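Just below is one structure, and these are the notes that go with it.
Bear in mind these aren't lab numbers, they're just calculated from the coordinates by the rules spelled out. Treat the numbers as computed from the prediction; the structure is a model and nothing was measured. Positions of Cβ are generated from backbone atoms using ideal geometry, with glycine treated the same way; all protein chains shown enter the neighbour counts.
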Amino acid sequence: MTSSIECQNFFRSLQLLDLFTKIGVKNLILCPGSRSAPLAIAAGELNKRRILNVFNSIDERSAGFHSLGISTASGDVSLVVTTSGTAVGNLLPAAIEADKSCKSIVFITADRPSRLKNCGSNQTVNQEEFLNSVCRSNLSTNLNGIHENNDDDILKIVETIKKQILQSPGPIHLNIPFEKPLDISLNNKKKNFEVFERFYLKKTYQFLKNDNQNKNIQFSEKCFKRINLSNPGIIIVGPYQGSTKDLDSFNSALKKLQEITGWPVLVDPVSGVSAELRGLVENWELILKTNKNIIQCDQILRLGPLSSSNDLEDFLLNFEGLQILVKENNIRKLDPIKKSLEYDFGIRNFVNQLLGASSNDNKKIKPLINLGKILIKEGAKIKEILKEQVFSNTEITEYKLANFVPKIWPENYPIMLSASSPIRDWLTFSENATLTRECFSFRGASGIDGTLSLALGIARITKPLLLVTGDLALIHDINGFLIENAIELNLTILLINNNGGNIFNNLYKNNLEEEELKKLFIMPKSINWENLAKGYQVPIKNVSDLNKLREAFEWSLSMQKSVIIKVDINVENEMKGRNLILKKFSQVNEFTFSNYLNL
Ligand SMILES: Cc1ncc(C[n+]2csc(CCOP(=O)(O)OP(=O)(O)O)c2C)c(N)n1
């Protein structure tokens, strides 16, 4: 390496990014800027040689979310590179969600050297602090400029990041001051890459491996003794927070748990639970809504965060028995009910410990307990009523979509649900039909601000993806379409156009005039979706008949690129339909629940 700042900036950037690929990074989202030029040029060299995928995004906020989508779907860490100044501030929303959903991203931000900080120099801000409150680590290379760092410094940074990610997956901020010159001549670039190729590229390193086995588990045996495997209980599984790479072992451990308990299982549409699991209860939220007393047991095993269901929350609040909450990848408190013993080490360790604490008799496979049979039968009755209501006419409503779409979107193709009504409706009406494939939603911080960019990130890894989103969430993040080759990604966007944030209609309708409600909460926008889609060159189709939806999906899948299927919702009919369904349930339940009393 030549010793000029120009060469060192490039060389250290190259070395850093290459080391990231050696700890499993495959994708980098690059945002525009000059201070980050050495990183951009180094990334370009690695991209040309297929060592690292580089995609650009002019909007840093979109870039952050895109990277989060990639990390979530792949289970690998991904990188975002930005310039200095407000660019860094735009990373905060994605960093917040990555923190809450425990997904690893490294935000690499270029900065000015310390001689230019705090003296009024252009585009110089206290950016090293911007992401402090949510990042697992906030690191920096040499404050005078990365050209003053040596091989060991760079290696140490990547080792530290790897260790952090293994211990507690989440966002990390690496701020890199660069001294000028930021560009590099063609000749110097060539010479430096040759040196890099000869001495660094093929070099192997011993990075830490996953140390899951060596976790210092501090959960007293006494807690395990409190679980009585011979008595009835239930298992409730919330959104999955582990790595997609651990999904199989998560499901094997859950299967084992269900087998040794015989307990019924109530799962969230984004729980990651396999559709094959024995004991799955359909329509459990509607069962809870109409009769909470049906669940008679004194122990509950909860997995992951709480699903967004008021009925579930009420039920758990009033439940008097034992509640144990098992968390994947998350050592934070995760129980808003505050009634559970929280276990930090994941379901695999939990089941192993439970088996260790149980007698041999308790390790045998048990038949599904009676409570399970009751709940499954009840869910099946609700299914019949729903079927009748969903197909009573062909008008499209949001609850019909939640019920019907996961059954007609091919069963092994992934789905993402936006963080407003879709995730809630699918919890209530989707009847476990999402469980045959990966289903994503970002409920950590529940923002609607990264919906499209997240979906495009997932679609880069696993496709064809269906995104189900409201109109505000889509327009809020429409810049996602500016991410490099976004239009070419295989993403079907099911746009539920109810003209604003209809979720607020349910919440605030009773005490506000219609106009007030619109101005203060729903905020309808008159968007010409056809023109907007045309502007981004995204094909769009309107569908108004439920029976035409299958055909529309066939069309979108045949396009093999980003397309929008728009359905317009009549908000009043939507409300009427929902109320009718609830009325039907309560009529049926009066009869069926009294029958159970005689069991
Ligand atoms: C960044 C951000 N701002 C505001 C909110 C509050 N919020 C929750 S849902 C919602 C409305 C979403 O509307 P839309 O996407 O059309 O879905 P709908 O409610 O109609 O299902 C808003 C603004 C949020 N979650 N995130």
Give the aspartates and glutamates whose C-alpha is closer than 13 Å to that of Lys203, dropping any in the same chain fewer than 8 places away, or say none.
Asp18, Asp151
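By counting other Cβ atoms within 10 Å of each Cβ, how are Asp248, Asp311, Asp268 ranked from fewest to most?
Least crowded to most crowded, the residues run Asp248, Asp311, Asp268.
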With a ≥ b ≥ c from the Cα gyration tensor eigenvalues, square-rooted, and the rule rounded for a/c under 1.5, otherwise prolate when a/b > b/c and oblate otherwise, the chain is oblate
For the stretch 96-147 and the stretch 237-258, what is the centre-to-centre distance using only Cα atoms, to the nearest Å?
35
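Would you mind ranking Ser74, Ser526, Ser446 so that the residue whose beta carbon has the fewest other beta carbons within 10 Å leads the list?
If I rank by nearby Cβ atoms, fewest first, I get Ser526, Ser446, Ser74.
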Does the stretch 1-142 come out rounded, prolate or oblate, given a ≥ b ≥ c as the square roots of the eigenvalues of its C-alpha gyration tensor, rounded meaning a/c under 1.5 and, failing that, prolate meaning a/b above b/c?
oblate
For the stretch 361-385 versus the stretch 402-429, the gap between their alpha-carbon centres in whole angstrom:
24
According to the square roots a ≥ b ≥ c of the eigenvalues of the Cα gyration tensor, what is the shape class of the stretch 368-522, taking rounded for a/c under 1.5, prolate for a/b larger than b/c otherwise, and oblate for the remainder?
oblate
The answer for the longest stretch of the chain without any exposed GluC sites (Glu not before Pro) (DSSP loop, at most 12 further Cβ atoms within 10 Å) is 1-275
Could you work out the relative contact order of the chain, using alpha carbon pairs under 8 angstrom and six or more residues apart, expressed as a whole percent?
13
On a straight-distance basis, which aspartates and glutamates could pair with Lys373 in a cross-link, Cα separation under 12 angstrom, same-chain partners fewer than 8 positions away excluded?
Glu282
Can you put His476, His173, His66 in order, fewest other beta carbons within 10 Å first?
His476, His173, His66
Using the structure shown, list the pairs from Lys190/Lys463; Lys463/Lys519; Lys117/Lys189; Lys255/Lys463; Lys222/Lys383; Lys339/Lys377 with a Cα-Cα distance above 32 Å, or answer none.
Lys190/Lys463; Lys463/Lys519; Lys222/Lys383
From the Cα centre of the stretch 477-527 to that of the stretch 46-79, the distance in Å is 27
For Lys100, go through the lysines and keep the ones whose alpha-carbon is under 20 Å away, minus same-chain ones fewer than eight residues off.
Lys162, Lys163, Lys245, Lys327, Lys333, Lys338
Radius 9 Å from Cβ of Pro406, net charge of other residues (Lys, Arg +1; Asp, Glu -1):
0
